[in-house]
Amino acid sequence: MTYRNAGSASAHFLRPLRHLLAITASLLAITLSVPASAADDIVVCTVDDLSGDFSIMATPKTYGYQLAAKEINDAGGVLGRKVKLITYDGQSDVKRYQELAQKCIFDDKANVVMAGYTGAEREAARREVVRNKVIYWHNNQGEGGIADKYSFFSGPTPEQQVLPALQYMIKKYGPRMIFIGADYNFCRAIGSWTRVAANLYGGKMEMDEYFPFGVSQWSSTIQKIQKIKPDFQVHCLVGGEQVQFYPQAQAAGLKTPMWSNVTISDGYEHKRFAPPALDGMVVPPGYIEDVPGKSSQNFSKKIRAMFPNVVYVNEHAAFGYVAVKAMAEAWKKAGTTDTDAVIKALESDIEVKEAPGGKWILRGDQHHAAMQTYLFSVDKDHKLKLLTELPFTEPTFLKNLGVDMRKTNPARQFLPADYAPWQKFFPK
């Protein structure tokens, strides 16, 4: 059976969805019940997918925002002012991100906008925020190459996830790999970073293919992988439909080890699918609730106290929380909410001491953070085992390209093929 026999296959899958809907309803109630605030409140406007195909992955990020704002306000606010958190549902619709970003800026007068799960959502929102010279945060794992004065990133970069984890996979399982991912900017970039890792560490990409959002039938792809017989698989499958790959692969007898920086970390599929669909998966989160340590345990307890029906405290919950805390530190350091002064404070290196995944420092010259990541494996019973704690790692990609955000504003995204020593990995 693909799913646990709990009345029906759909019943098992819908239980976490019902929990999620209940939490989302309470989340919206919290947001909408906040009384009208004084004009001098500091406004944090967030847009994430509380419904639609990406809601399972993205909703916990909003839990992190809520918890951070509550803690800041309970401690007296910032600069004698309260943080007013305004939450919008992007509904997994790229067009809405553009519209809601404009609403945050022009109607809500946001001091900072935090928006987007997918890279496409991110860019739809970010364009509007940046062109209006408002601070923007994206709080997922990312491609690591966006260099823009107004844009900041709290989640792990490929130097912290893709490179060390794929080095581990090549050493443990062998050099031959395949890549499958969603056909959009983030997964295309992760495919490029996978190619870099393969070339740096003696691997070989036997196949790389990209699929539209909403693809849920995988039999032909599974057969192709079975024919290639790689040593391991690399995945960037995004959304509730694409991850149907896992139960289908299990049913087809595909047992090749897997690696992904979005599966488990984002969508906690080990909780949503019946064992052993995720058996053999290796994941490199910057945070999930299984990360060891006091900070991790305290964070997950606080999230569950605020949202008792949460299915799993995922990576996005942590990095949404961290971003709001980082902004609070920057406002304090700047002594004002003036945008240029706050950016200068952010660029002085901001540390969030209570970061759930351990030490976290925003590097001002890169607008990305130095952090620790972790390597977990999933067993046949869907238990997570910590394989190793990856080193505390700096975000180096922009620095390798000679970019210092304190001195210049390229206002563009760089990809691995833009780095001269790696161009040979991308034959034209």
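The values are calculated or read from the model by the stated rules, or taken from the named source; none is laboratory data. Just so it is clear, the model here is predicted, and its values are computed rather than measured. Cβ atoms come from the backbone with ideal geometry, glycine included; neighbour counts cover every protein chain shown.
Identify, by number, the condition in (1) in contact with an Asp or Glu (Cβ under 9 Å, 6 or more places away or on another chain); (2) farther than 19 Å from T263 by Cα; (3) not aromatic (F, W, Y) that S151 doesn't meet.
(1)
Only one residue in L386, L375, L398 is modelled with pLDDT of 95 or more, surrounded by fewer than 18 Cβ atoms within 10 Å (Cβ to Cβ) and among the hydrophobic types (A, V, I, L, M, F, W, C). Which one?
It is L386.
On the given criteria, is G357 under 21 Å from G144 (Cβ atoms) and small (G, A, S)?
yes
Residue by residue through region 262-282, note down the ones that are of a type in the set (A, V, I, L, M, F, W, C) and assigned to a loop (DSSP other than H, G, I, E, B).
V262, I264, F273, A274, A277, L278
Suppose we keep only residues that are buried (at least 23 other Cβ atoms within 10 Å of the Cβ) and among the β-branched types (V, I, T) within region 147-177. Which one would you say is nearest to the chain's Cα centre (by Cα)?
T157
May I ask you to say which residue of A69, A147, A75 is at pLDDT 95 or above, touching a Pro at 6+ places or on another chain (Cβ under 6 Å) and among the aliphatic types (A, V, I, L, M)?
A147
Could you check, for region 156-167, whether at least one of its residues is over 15 Å from L390 (Cβ atoms) and either among the aromatic types (F, W, Y) or in contact with a strand residue (DSSP E or B) (Cβ under 7 Å, 6 or more places away or on another chain) (or both)?
no
Quick check on my filter: what residues within region 151-175 are hydroxyl-bearing (S, T, Y), more than 12 Å from N140 (Cα to Cα) and either without any contact (Cβ under 8 Å) to a residue 24 or more places away in the chain or not in a strand (DSSP E or B) (or both)?
Y168, Y173
Within region 353-362, can you find the residues that are surrounded by fewer than 23 Cβ atoms within 10 Å (Cβ to Cβ) and within 18 Å of the chain's Cα centre (by Cα)?
G358, K359, I361 - these are the residues of region 353-362 that are surrounded by fewer than 23 Cβ atoms within 10 Å (Cβ to Cβ) and within 18 Å of the chain's Cα centre (by Cα).
Looking at region 191-202, which of the residues that are within 15 Å of K424 (Cα to Cα) and touching a strand residue (DSSP E or B) at 6+ places or on another chain (Cβ under 8 Å) is surrounded by the most Cβ atoms within 10 Å (Cβ to Cβ)?
T194
Which number in (1) within 30 Å of I361 (Cα to Cα); (2) part of a helix (DSSP H, G or I); (3) not basic (K, R) marks the one condition that V234 misses?
Every listed condition holds for V234 apart from (2).
F179 is checked against (1) among the hydrophobic types (A, V, I, L, M, F, W, C); (2) more than 22 Å from G142 (Cβ to Cβ); (3) part of a strand (DSSP E or B) and fails just one. What number does that condition carry?
Every listed condition holds for F179 apart from (2).
Give region 238-261 a look and list any residue that's part of a loop (DSSP other than H, G, I, E, B), out of contact with any helix residue (DSSP H, G or I) (no Cβ under 6 Å at 6 or more places or on another chain) and surrounded by 21 or more Cβ atoms within 10 Å (Cβ to Cβ), or say none.
Of everything in region 238-261, those that are part of a loop (DSSP other than H, G, I, E, B), out of contact with any helix residue (DSSP H, G or I) (no Cβ under 6 Å at 6 or more places or on another chain) and surrounded by 21 or more Cβ atoms within 10 Å (Cβ to Cβ) turn out to be V238, N261.
Take the residues in region 38-67 that are acidic (D, E) and within 18 Å of L100 (Cβ to Cβ); name whichever of them is farthest from the chain's Cα centre (by Cα).
Filtering region 38-67 for residues that are acidic (D, E) and within 18 Å of L100 (Cβ to Cβ), the one farthest from the chain's Cα centre (by Cα) comes out as D53.
Being at pLDDT 95 or above and at negative phi narrows it down to one of I225, I264, so name that one.
Exactly one residue qualifies, and that residue is I225.
Can you go through V322, V311 and tell me which one is closer than 24 Å to P164 by Cβ, at pLDDT 95 or above and surrounded by 15 or more Cβ atoms within 10 Å (Cβ to Cβ)?
V322
Hey, C104 hits all of (1) assigned to a helix (DSSP H, G or I); (2) out of contact with any strand residue (DSSP E or B) (no Cβ under 8 Å at 6 or more places or on another chain); (3) not basic (K, R) but one; which does it fall short on?
Going through (1) assigned to a helix (DSSP H, G or I); (2) out of contact with any strand residue (DSSP E or B) (no Cβ under 8 Å at 6 or more places or on another chain); (3) not basic (K, R) one by one, C104 breaks only (2).
Can you pull out every residue in region 182-228 that is under 23 Å from Q250 (Cβ atoms) and assigned to a strand (DSSP E or B)?
A182, E206, M207, D208, E209, Y210, F211, listed by residue number.
Any residue in region 116-135 that is under 12 Å from K95 (Cα atoms) sitting within a Cβ distance under 6 Å of a residue that is part of a loop (DSSP other than H, G, I, E, B) and polar (S, T, N, Q)? List the pairs, counting only those 6 or more apart or interchain.
none
From the list F319, F299, F307, exactly one residue is closer than 21 Å to V47 by Cα, touching a Leu at 6+ places or on another chain (Cβ under 9 Å) and either free of Cβ contacts under 8 Å to residues at least 12 places away in the same chain or assigned by TED's automatic domain parsing to the domain that holds T59 (or both). Which is it?
From the options F319, F299, F307, the qualifying one is F307.
Restricting to region 291-345, and then to whatever is farther than 22 Å from V129 by Cβ and of a type in the set (D, E, K, R), can you tell me which residue is farthest from the chain's Cα centre (by Cα)?
Checked region 291-345; the qualifying residue farthest from the chain's Cα centre (by Cα) is K332.
State the number of residues belonging to region 409-424 that are farther than 21 Å from G142 by Cα and in contact with a Lys or Arg (Cβ under 9 Å, 6 or more places away or on another chain).
0
How many of the residues making up region 68-80 are out of contact with any Leu (no Cβ under 8 Å at 6 or more places or on another chain) and crowded, with 20+ Cβ neighbours inside 10 Å?
Selection size over region 68-80: 2.
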